[in-house]
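Below is one structure, written out as structure tokens; the observations come after it.
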Amino acid sequence: MDISSSFGTASATSAAGANTPQQSDYQTFLNMLTVQMRNQDPLNPASATDFAVQLATFSGVEQQSYTNQLLSSLLSQSGLSDLGSWVGMEARLYGGAWYEGTPIELSPAPAPAADAATLVVRDGTGAVVDSRSLDPETQRYVWDGLDGDGNPLPEGAYTFQIESLANGEVLDTQPVAAYVPILEARYEDGMTKLVMPGDLWVNSSDVSGLRRPG
């Protein structure tokens, strides 16, 4: 093994990372050790064992520093992994959904006492653009994006409500959850925020359910 070659490689590596805190601390330690050796009592010099102990102690501290850096890196990667686990999933949300020609799966929940139910769809202005009867036992429904006359509705944001009826009377009106694909996830202001089609943003705390597409 060529010692001079290895030393040259090590020196180049050290020079390349000379600005890192670990290299700076190590250089400081070597400088202090050199000063200590120069100023020791020539009649009572420190033993080689003492120097070895000091070097071993510093090496241990340096290794712990590297370990802490590695742990921080792993935690950071774990955080990114958590964000990545949201992307591509479908979130169950009550705030409406963006329609762009693809049917939207809804999760209606009519009142238990209802003998009839009506799905009410509103556009971004709050105007009712569709109203259709549903079976009061319906728990899953795919909205096709058509208005009451069967015409395709334009691309945009829509909200959904379910009216529960009994004997022709409205018992209550509740929002209907929709399954919306998650395009992106971000950490902002200490919270995970999700980006949906139509550049709609929601907090992860607003998600009432999560599933894989299909």
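Using only alpha carbon pairs under 8 Å that are at least six residues apart, calculate the relative contact order of region 90-211 and give it in whole percent.
Details: 278 pairs, mean separation 41.7, N = 122.
RCO, region 90-211: 34 percent.
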How would you rank PHE160, PHE29, going from fewest to most other Cβ atoms within 10 Å of each one's own Cβ? PHE29, PHE160
For LEU134, distant residues with modelled amide H under 5 Å away: ALA117, THR118, LEU119
Over the Cα atoms of region 140-190, Rg to Rh with Kirkwood Rh, two decimal places? 1.11
Given points 7 Å out from each Cα along the Cα-Cβ axis, report the SER133 to VAL170 separation in nanometres with one decimal. 1.8 nm
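Using the beta-carbon distance between VAL87 and ARG140 and R0 = 22 Å, what value does 1/(1 + (r/R0)^6) give for FRET efficiency, to the nearest 0.05? Provide the component values of the computation, followed by the final result.
Values: r = 24 Å, r/R0 = 1.10.
FRET efficiency, VAL87 to ARG140: 0.35.
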Equivalent ellipsoid, region 90-211 (semi-axes from 5 times Cα gyration tensor eigenvalues, Å): 27, 17, 11
Stretched fully, the stretch from LEU183 through TRP201 gains (0.36 nm per residue minus C-alpha distance, one decimal, in nm) 5.5 nm
Distance between region 82-107 and region 162-214 - C-alpha centres, whole angstrom: 7 Å
With θ set to phi - 60°, apply the Karplus curve 6.51 cos²θ - 1.76 cosθ + 1.60 along region 133-147 and write out the HN-Hα couplings as whole Hz, x wherever there is a Gly or Pro. 7, 10, 5, x, 8, 5, 10, 9, 8, 9, 7, 8, x, 9, 7
Phi angles of region 174-181, converted by Karplus (6.51 cos²θ - 1.76 cosθ + 1.60, θ = phi - 60°) into ³J(HN,Hα) in whole Hz with x for Gly and Pro, give 10, x, 10, 7, 10, 8, 10, x
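Computed from the coordinates by the stated procedures, all read-outs in this text should not be read as laboratory data. Worth saying up front: this structure is predicted, and the values here are computed from it rather than measured. Using ideal geometry, Cβ is built from the backbone for each residue, glycine included, and neighbour counts are taken over all protein chains shown.
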